[in-house]
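A.B. asks: Mind having a look at this structure? Questions to follow.
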Amino acid sequence: MTPRPILEINRLGHQFGDFVVMRDISLAVQAGTMTALIGPNGAGKTTFYNLVSGRYQPTQGSIFFDGLDITRMPAHRRVALGLLRSFQITNIFPHLTVLENVLVPLALEHHKGFRFWKSMSRERDLKRQAEEILERVGLASEAHRRAHELAYGDQRLVEIAIVLARNPKLVLLDEPTAGMNPEETERMVHLIQELAQQSGTTFFLTEHDMNVVFSVASYLYVLHQGSLLAQGTPNEIRGNRQVKEAYLGGSLDS
Amino acid sequence: MSARGFSGSVIATLVLLALLLLGPCILPIYWTMIVTEIFIMGLFSMSFNLLFGFSGLLSFGQAGFFGIGAYTAALLIQTGFPSLWLIIFCSVLVAALFALAIGYLCVRRDEIFFAMLTLGFGMMLFTIAHNWRELTGGSDGMPLCSVPPVRLPGIEWSLFPPVHVYYFTLFWTAAGVFILWRVVRSPFGLMLTAVRENKQRLAFVGADVSRIRLAAFVIAGGLAGLAGVLFCVFNRMATPDFMHWAFSARPVLMTILGGSGVFFGPAWGAAIFFCLEQLVTAFTENWMIVLGLILIPVVIFFPQGIVGTLVQWLGDRKESRS
Ligand SMILES: Nc1ncnc2c1ncn2[C@@H]1O[C@H](COP(=O)(O)OP(=O)(O)O)[C@@H](O)[C@H]1O
Ligand SMILES: [Mg+2]
């Protein structure tokens, strides 16, 4: 018996004007299964996340999250359902402190965004929770620094902390290790694995680096020029001839 | 650090308030009236800065709401409304409702498009006030022969003497500033800062960015309306000039002069503006040229404004000593 998928995509397609970037994608992400979407640069991974997270409206197909049709739902309402994302290019609140970066989503999580009168400094519960989250991602000592002052790798961790603050069911991570040195990459991979085990959160990540992805994901989808090329376990994908060809950059049969 | 900094700024504010309460005892009547005007424009600029400095929204139409506050008050006073409290309440409400309607159409746009939309609506409101002669008296405005007194249990306080107007204005300015102070420190205030910082990230952690902006727009519009009521009482009239787009530029100038990054920056900007005007007009009629000559170096060399730069400089010194 297979459990109900947390994310289900049916025949998703998208075009920018006349340019078709995505066609006929159907896939499912099972809750608790670390899933990855891989493919060479320009394959359409970021576009796919933009569609799932609500940044763009798809031109074809439908998206179901936790059994609910979210195809036309605005981005912020998808978040309220527990669907969060990170961005390929670090996306944080640069001039807020690291703690405030986490307090923003926490206030929203507790429906306090429209409290006009109580002082933020009295929201001790929120502050304590924010500190716990920073502890989990290893940024507790940086809490009072401004986010933009942090090292690159730490800024990417701030974004993970921001996402965790909404207590997500599913997190889309768009190339979480992009631009990182090997040491930072190692730390990020370790963190994602740890979070996946400890919390009830499912992670769905994209990567263009096959080595990273084979070490974390237990199920893979391969995207190539906007279409799904293959899917399977890391071992199945590793042995797939079509995937190898795509990554070598040539379609040998044309 | 923040606990000490907090009580320090509260003490500084209370000292300032005490000085302002003593103002009319020290100042000649002419300056009492100028300080009254500084209160009004200070509140107007600070309400503008809730949008500009805190939320990153440059509105060029705030005079519209200022003017709606002033005209609503003038109309209610003319029809013989007896209660000043109710007049203030209704005028602020009407200004806030206009802000709700206009804001709804503006907040989905960014930067220059937002600025142009607010400018456009501001010009429309001006034109209505200017051309609807039957209601507003057109370009002559609406002069008021009398203003109802402030009524408290057992007291009736006439708003005829300028000193009374001074205290009346000080009270309502302080009330407006207190509201702004609470709002910017609240969780909602944090949302505003987040809108300014990165509205995309904010939307993708589940905030309805347009609603947050709209709420800020309504608060700013309501408080601009309050400033307008005060200006109407101060001048004993409402004129279309209050709604002209050149009047919308005033809070922008004052905020840039004082500094948008400091809570009281815009109010200090208003104070600097009026004091300079007094100083300069003693020597020349070309006050606007001098203002331009001052603004240009401020924008180029002190983009955080005069007070903003001072505050930062003091902060740096404190840090380097400790
Ligand atoms: N907003 C856009 N308008 C037009 N074309 C776009 C847009 N965003 C992405 N593309 C194109 O879509 C294709 C897929 O891009 P992307 O999703 O960023 O790939 P990946 O993340 O896999 O590297 C690329 O050819 C890119 O140029
Ligand atoms: Mg990408």
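A.B. asks: Enter the accessible area per residue of chain B (Å², integer; probe 1.4 Å; all protein chains in place).
C.D. replies: For chain B, the solvent-accessible area averages 47 Å² per residue.
A.B. asks: Assign unit charges at the C-beta atoms only (+1 for Lys and Arg, -1 for Asp and Glu), then state the dipole size of chain B relative to its Cα centre in Debye, rounded to the nearest 20.
C.D. replies: 860 debye
A.B. asks: Also: Relative contact order of chain A, please, whole-number percent, based on alpha carbon pairs below 8 angstrom and at least 6 residues apart.
C.D. replies: Relative contact order comes out at 26 percent.
A.B. asks: Accessible surface of A:Tyr152 in the full protein assembly, 1.4 angstrom probe, to the nearest 10 Å²?
C.D. replies: 90 Å²
A.B. asks: Counting pairs of alpha carbon atoms under 8 Å apart in space and at least six apart in sequence, what relative contact order in percent does chain B give?
C.D. replies: 31 percent
A.B. asks: Something else: List the pairs from A:Lys112/A:Lys169; A:Lys45/A:Lys169; B:Lys199/B:Lys318; A:Lys118/A:Lys169; A:Lys112/B:Lys199 whose alpha-carbon separation is above 28 Å, in the order I gave them.
C.D. replies: Correct reply: B:Lys199/B:Lys318; A:Lys118/A:Lys169.
A.B. asks: Would you mind getting the Kirkwood hydrodynamic radius of chain A from its Cα pairs, rounded to one decimal in Å?
C.D. replies: Evaluated over chain A, this radius sits at 19.1 Å.
A.B. asks: For the stretch A:94-232, what proportion of DSSP beta bridges, expressed in % and rounded to the nearest 5, is antiparallel?
C.D. replies: Roughly 55 percent of the DSSP beta bridges within the stretch A:94-232 come out antiparallel.
A.B. asks: Give me the distance between the Cα centres of the stretch A:66-116 and the stretch A:14-47, rounded to whole Å.
C.D. replies: Between the Cα centre of the stretch A:66-116 and that of the stretch A:14-47, the gap is 22 Å.
A.B. asks: Dipole size in debye (nearest 20) for the protein assembly as shown around its Cα centre, Lys and Arg Cβ +1, Asp and Glu Cβ -1?
C.D. replies: Dipole magnitude for the protein assembly as shown comes out near 940 debye.
A.B. asks: Arrange the peptides B:295-307, B:19-31 so that the one whose residues have, on average, the most other Cβ atoms within 10 Å appears first.
C.D. replies: B:295-307, B:19-31
A.B. asks: Could you order peptides B:148-159, A:108-119, B:86-97 by the average number of other Cβ atoms within 10 Å of their residues, highest first?
C.D. replies: Ranked by mean Cβ neighbours within 10 Å, highest first: B:86-97, A:108-119, B:148-159.
A.B. asks: Using Stokes-Einstein with the Kirkwood hydrodynamic radius over Cα pairs, what translational diffusion coefficient do you get for the protein assembly as shown at 20 °C and a viscosity of 1.002 mPa s, in µm²/s rounded to a whole number?
C.D. replies: Value of D from the Cα-based Kirkwood radius: 80 µm²/s.
A.B. asks: On to the next question. Which Cα, out of B:Leu223, B:Pro149, B:Leu291, lies furthest along the positive dipole direction of the protein assembly as shown (beta carbon charges, K/R +1, D/E -1)?
C.D. replies: B:Pro149
A.B. asks: Take the alpha-carbon centre of the stretch B:52-91, take the same for the stretch A:136-213, and report the distance between them in whole Å.
C.D. replies: 49 Å
A.B. asks: Of all the accessible heavy-atom surface of chain B, with the other protein chains kept in place and a 1.4 Å probe, what percent is carbon and sulfur?
C.D. replies: 71 percent
A.B. asks: A follow-up question, please. To the nearest hundred square angstrom, how large is the accessible surface buried between B and A, total for both chains, probe 1.4 angstrom?
C.D. replies: 2700 Å²
A.B. asks: For the stretch A:91-167, what does the relative contact order come out to in percent, with C-alpha contacts under 8 Å and a separation of six or more?
C.D. replies: Relative contact order here is 53 percent.
A.B. asks: Still on this structure, please answer the following. Work out the charge dipole of the protein assembly as shown with +1 on the Cβ of Lys and Arg and -1 on the Cβ of Asp and Glu about the Cα centre, then indicate which of A:Asn181, B:Phe121, A:Val213 is farthest towards its positive end.
C.D. replies: Projecting each Cα onto the dipole axis, the largest value belongs to B:Phe121.
A.B. asks: Same structure again: With the Cα gyration tensor of the stretch B:226-322 in hand, convert its eigenvalues to equivalent ellipsoid semi-axes via √(5λ) and list them largest first in whole Å.
C.D. replies: Result for the stretch B:226-322: semi-axes of 29, 17, 12 Å.
A.B. asks: Could you tell me which of rounded, prolate or oblate describes the stretch B:165-310, using a ≥ b ≥ c as the square roots of the eigenvalues of the alpha-carbon gyration tensor, with rounded for a/c under 1.5 and, failing that, prolate when a/b is larger than b/c and oblate otherwise?
C.D. replies: oblate
A.B. asks: Now for a different question. Could you pull the accessible area for B:Met191 with a 1.4 Å probe, rounded to 10 Å²?
C.D. replies: About 0 Å², rounded to the nearest 10.
A.B. asks: Quick one: what Rg and Dmax do you get for the stretch B:30-245 from the alpha carbons, in Å?
C.D. replies: When restricted to Cα atoms, the stretch B:30-245 yields Rg and Dmax of 17.5, 56 Å.
A.B. asks: When you take every Cα atom in the stretch A:91-167, what is the radius of gyration, and what is Dmax, the widest Cα pair distance, in Å?
C.D. replies: Values for the stretch A:91-167 (Cα only, Rg and Dmax): 11.7, 36 Å.
A.B. asks: Cα centroid distance between the stretch B:151-169 and the stretch B:201-271, in Å?
C.D. replies: Using only Cα atoms, the two centres lie 26 Å from each other.
A.B. asks: For the full complex of protein chains and a 1.4 angstrom probe, list A:His14, A:His190 by accessible area with the highest value first.
C.D. replies: A:His190, A:His14
A.B. asks: Tell me the Kirkwood hydrodynamic radius of the stretch A:157-254 in angstroms, computed as one over the mean inverse distance between distinct C-alpha pairs.
C.D. replies: 14.8 Å
A.B. asks: What is the dipole size for chain A, taken about its Cα centre, with +1 at each Lys and Arg Cβ and -1 at each Asp and Glu Cβ, in debye to the nearest 20?
C.D. replies: Once rounded to the nearest 20, the dipole reads 860 debye.
A.B. asks: Using a 1.4 angstrom probe with every protein chain in place, what is the largest-first accessible-area order of B:Glu37, A:Glu186, A:Glu131?
C.D. replies: Of B:Glu37, A:Glu186, A:Glu131, the descending order of accessible area is A:Glu186, A:Glu131, B:Glu37.
A.B. asks: Still on this structure, please answer the following. Across peptide A:85-93, what mean number of C-beta atoms from other chains lies inside 10 Å of a residue's C-beta?
C.D. replies: Across the residues of A:85-93, the mean count of other-chain Cβ atoms within 10 Å is 3.
A.B. asks: Mind checking B:192-199 for the average number of partner chain beta-carbons within 10 Å of each residue's beta-carbon?
C.D. replies: 5
A.B. asks: Still on this structure, I have one more. How large is the convex hull of the C-alpha atoms of the stretch A:105-224 per residue, in Å³?
C.D. replies: 131 Å³
A.B. asks: Which of rounded, prolate or oblate describes the stretch B:88-185 when judged by the alpha-carbon gyration tensor and an a/c cut-off of 1.5?
C.D. replies: Cα axes put the stretch B:88-185 in the oblate bin.
A.B. asks: Rounded, prolate or oblate for the stretch A:36-117? Axes are the square roots of the Cα gyration tensor eigenvalues, ordered a ≥ b ≥ c, and the cut-off for rounded is a/c under 1.5.
C.D. replies: Oblate, since a/c reaches 1.5 and b/c is not below a/b.
A.B. asks: Given a 1.4 Å probe, how much area per residue of the stretch A:91-167 is accessible, in Å²?
C.D. replies: Each residue of the stretch A:91-167 exposes 45 Å² on average to a 1.4 Å probe.
A.B. asks: Same structure again: Which listed residue (B:Ile256, B:Ala70, B:Ala282) has the Cα farthest towards the positive end of the charge dipole for the protein assembly as shown, taking +1 on Lys and Arg C-beta and -1 on Asp and Glu C-beta about the Cα centre?
C.D. replies: My answer, from the dipole projection, is B:Ala70.
The values are calculated or read from the model by the stated rules, or taken from the named source; none is laboratory data. Computed from a predicted structure; not experimentally measured. We place every Cβ from the backbone using ideal geometry, glycine too, and count neighbours over all the protein chains shown. What goes into the accessible areas is simple: the full protein's heavy atoms, side chains included, and nothing from ligands, DNA or RNA. Shrake-Rupley method; radii C 1.70, N 1.55, O 1.52, S 1.80 Å.
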